[in-house]
Each structure stands twice: as C-alpha cells, then as structure tokens.
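The block underneath contains the structure these notes are about, expressed in structure tokens.
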Amino acid sequence: MKVYISIDMEGVAGIATRDQITRGGHGYPSAQELMTAEANAAVAGAFAGGATAVTINDSHGTMDNLIPSDLDPRARLVLGKPKLQCMAAGVSPDDDVALFIGYHAPAGGPGVLAHTFSAYFTEVRLNGIAASEADVNLMQLSAAGVPLGLVTGDDVTCALVGDRMPGVRTVEVKRALGWSAADSMSPSVACAAIRAASEATVSAAAGLRIPAVPEVLDLEIDLPTLAAADLAQFIPGVRRTGPFTVAATLPNPDTVVGFIVVVYQLTANSMTEHLALVNRR
C-alpha cells in the first residue's frame, strides 16, 4: 500500500497570518514546526492504516518548508522548486491513495489566506468555476489513476471539498474569521485528528473512486495589473478575454499547472516594476 501526501502551510492549525507563512517572518520558524507536526501525524496515520511506503511533497511557497531532520524517517520527502507537477510532484500510478494536508480555500472568496497558486491572482477559473489548488491537484491525481481520500484545512476548504469531491474525508482544524484571522484547534488536537483520519482513509482506500478528468480544460486567470496581462498574452495560445484576464484551452492537467506557473512568474516580474512605481518617493 503506497500513500502520497501533498502538504501546504496555510491550512495548518495555528497558522493565520502572512508573517507565519513567509520565509523571514517572525512566525515562520514556528509555522515550519506546526507544518512538520501535521505531516508526521498524516504519515503515522498512514502507516497505522496499512501503508508500506509514504511519499510527502512539500507544496508550500519555496517548497522547502518542512524540517527534514524532524520528519518521520519512514517517509520520503520531495522538496524544492520548480517541479514539473508542482504541488502534485512525486505522485505515481503506483500510489494507492493521496492525502492533501494543510490546504486552503481558493482566490476570490473567503477563507484563511485564500489564494490559488499565487497571491497575485485575484481569481483562477477552470471551465467557468473558481478553482482551488485542491481542484487542480485532484485532476493531476485522477490523470495518474490515484484517488484522493483526505483533505485538511479550514472550514471553508472543508465545505468546498464536501460539495465538489463526494466521498473525500475532511478534517477541519480551524474556522476562518477573515483572510488573516482564524479560530484554531490546538495543534496537538489537530494532529491527533489528522492521524486518526489518515489511518481511517488509508485503511479504506480500496473503496475510493477516481473522478474523470474533464474533456475540456478552459483556464482563466484574473491578474492584478494590465502589465501582467500584457506579458501573459505573449504565451502561445493565450487569449486576452478582459483587460486583466488571460485564458487558454489546455490539453491535460499538467499543462494547466505549467501554464499557471509560467503566468505566475511573469506576473511576479511585472509586480516588481509596479511596486517600485507605487512606492516611489
């Protein structure tokens, strides 16, 4: 029984502010510890549920946030960026089930630190529906033939999973009180809940279904500046559907992720110049 885990940071218990999730922030080192603890809880639960191998992909920001020396030694760690499959890097058709730990709500709506792949994107839509990272990453799993069994995060995230991903177990570790405010479980209580849910999910993995990947993948991204949209429009196949919006019809989930990553990099470049202009004295 092989288990794949993708772990983000914004949906971890005890985390609610940008300072905590950004390298260099005063709260970042303790957030690394909280993230690593939830990773270990998921790994321990997976082995208790019958796993023989676990791979965990560090999926937050720079993708080197977990503390390797503190990670359960039974797990293999995928870290660093860029990775071709981004938050789903390391998943294999040999995996029997996947778990998403520390996930968050999509851009354009409520939820703790809600965004979709980039804080620069005001909304990302797939086939006309606002998409979360979990939605996109689930398509990558489905393309590999791997079912998703568990998602953990805030109440908004868990409610969306319940609506969009029938049969997927959730663990709500905090309630959103705003974009950077939360009512959180104690981290130790959250870890116990994640461990129990991981064990139950892995032990029942054979009964999970794999949703079909949509035949058409129309992606739209709302960008923060005209300059960002101008740059993204240079990508072959891109359509400009509004002053701040670019769109593309893509052949598979991996190209959806690749498009998002490239547009993010172009947007980051344009924002450097934009912020220099905004902050001039």
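The values are calculated or read from the model by the stated rules, or taken from the named source; none is laboratory data. Not measured: the values here are computed from a predicted model. No Cβ is skipped: glycine too gets one built from the backbone with ideal geometry, and neighbour counts run over all protein chains shown. For the accessible areas, the whole protein counts, side chains as well, though only heavy atoms, and no ligand, DNA or RNA atoms are used. Shrake-Rupley method; radii C 1.70, N 1.55, O 1.52, S 1.80 Å.
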Aspartates and glutamates within cross-link reach of LYS81: Cα-Cα under 13 Å, excluding same-chain residues under 8 positions apart? ASP58, ASP64
Measure out, as a whole number of angstrom, how far apart the alpha-carbon centroids of region 85-161 and region 240-260 sit. 17
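Please state the shape class of region 103-174: rounded when a/c is under 1.5, otherwise prolate if a/b exceeds b/c and oblate if not, all from the C-alpha gyration tensor. Write down the numbers at each step before the final one.
Details: a/c = 1.90, a/b = 1.16, b/c = 1.64.
Cα axes put region 103-174 in the oblate bin.
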Computed ³J(HN,Hα) along region 104-119: with the Karplus parameters 6.51/-1.76/1.60, θ = phi - 60°, integer Hz and x for glycine or proline, the list is 9, 6, x, 4, x, x, x, x, 5, 6, 4, 6, 10, 6, 8, 5
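Assuming 0.36 nm per residue, please report the length gained on full extension of the stretch ALA204 to THR122 beyond their Cα-Cα distance.
Details: separation 82, 0.36 × 82 = 29.52 nm, distance 3.74 nm.
Extra length from ALA204 to THR122 when fully extended: 25.8 nm.
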Any chance you could give the angle, 0 to 90 degrees and rounded to 10, that helix 155-164 forms with the longest Cα principal axis of the chain? 90
Sort 67-77, 91-101 by packing, meaning the average of other beta carbons within 10 Å per residue, with the highest value first. 91-101, 67-77
Go ahead and set up a Gaussian network model of the chain, Cα springs under 10 Å, then flag whichever of MET35, MET139, MET185 fluctuates most. MET185
Which far-off residues, 5 or more places away or on another chain, put their amide H under 5 Å from the one on ALA107, with H placed in the peptide plane? HIS115, THR116, VAL124
Proximal charge balance of MET87 [Cβ under 11 Å; K/R count +1, D/E count -1]: -1
Compactness of region 1-158, expressed as Rg and Dmax over alpha-carbon positions, Å: 14.7, 43
Shape call for region 84-130 from the C-alpha gyration tensor, a ≥ b ≥ c root eigenvalues: rounded (a/c under 1.5), prolate (a/b greater than b/c) or oblate? prolate
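Suppose the chain between ARG240 and THR255 were pulled fully straight at 0.36 nm per residue; how much longer would it get relative to their current alpha carbon spacing?
Numbers: separation 15, 0.36 × 15 = 5.40 nm, distance 1.83 nm.
Gain in length upon complete extension: 3.6 nm.
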When the chain is treated as a GNM, springs tying every alpha-carbon pair under 10 Å, which of VAL78, VAL12, VAL112 comes out with the largest mean-square fluctuation? VAL78
Ordering 81-89, 162-170 by per-residue average of other C-beta atoms within 10 angstrom, highest first, gives 81-89, 162-170
Please give me the summed charge of the neighbours of LEU217: other residues whose Cβ is under 15 Å from its Cβ, Lys and Arg +1, Asp and Glu -1. -3
HN-Hα couplings for region 36-43 via Karplus (6.51, -1.76, 1.60; θ = phi - 60°), in whole Hz with x for Gly/Pro, come out as 5, 5, 5, 4, 5, 5, 5, 5
Phi angles of region 166-176, converted by Karplus (6.51 cos²θ - 1.76 cosθ + 1.60, θ = phi - 60°) into ³J(HN,Hα) in whole Hz with x for Gly and Pro, give x, x, 8, 6, 10, 10, 8, 9, 6, 10, 6
Just the number please: accessible area per residue for region 165-233, 1.4 Å probe, all protein chains included, in Å². 50
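For every other residue with a beta carbon closer than 14 angstrom to the beta carbon of LEU71, add +1 if it is Lys or Arg and -1 if Asp or Glu, then tell me the sum.
Working: positive: ARG74, ARG76; negative: GLU33, GLU38, ASP58, ASP64, ASP70, ASP72.
Result for the local shell: -4.
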Most fluctuating residue of ALA159, ALA114, ALA39 in a GNM of the chain with Cα springs under 10 Å: which is it? ALA159
Sort 197-210, 47-60 by the packing proxy (mean of other Cβ within 10 Å over each peptide's residues), most packed first. 47-60, 197-210
Under 5 Å between amide hydrogens, which residues at least 5 positions from VAL171 or on another chain qualify, with H placed 1.01 Å from N in the peptide plane? VAL151, THR152, GLY153
So who's got an amide H within less than 5 Å of the one on ALA53, skipping anything under 5 residues away but keeping other chains? H placed 1.01 Å off N, in plane. VAL3
The aspartates and glutamates whose Cα lies under 16 Å from the Cα of LYS2, excluding any fewer than 8 residues away in the same chain, are ASP72, ASP94, ASP95, ASP96, GLU199
For the chain, calculated [θ]222 nm from helices alone, where every DSSP H run of n ≥ 4 adds -39500 (n - 2.57): -11000 deg cm²/dmol
Nearest 10 degrees, 0 to 90: what angle lies between the long axis of helix 253-278 and the longest principal axis of the chain (Cα atoms)? 50
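First check a/c for region 115-255, with a ≥ b ≥ c the square roots of the eigenvalues of its C-alpha gyration tensor; if it is under 1.5, answer rounded, and if not, answer prolate when a/b is larger than b/c or oblate otherwise. Intermediate results must be reported in sequence, preceding the final value.
Details: a/c = 3.18, a/b = 1.52, b/c = 2.10.
Because a/c hits 1.5 or more and a/b fails to exceed b/c, region 115-255 counts as oblate.
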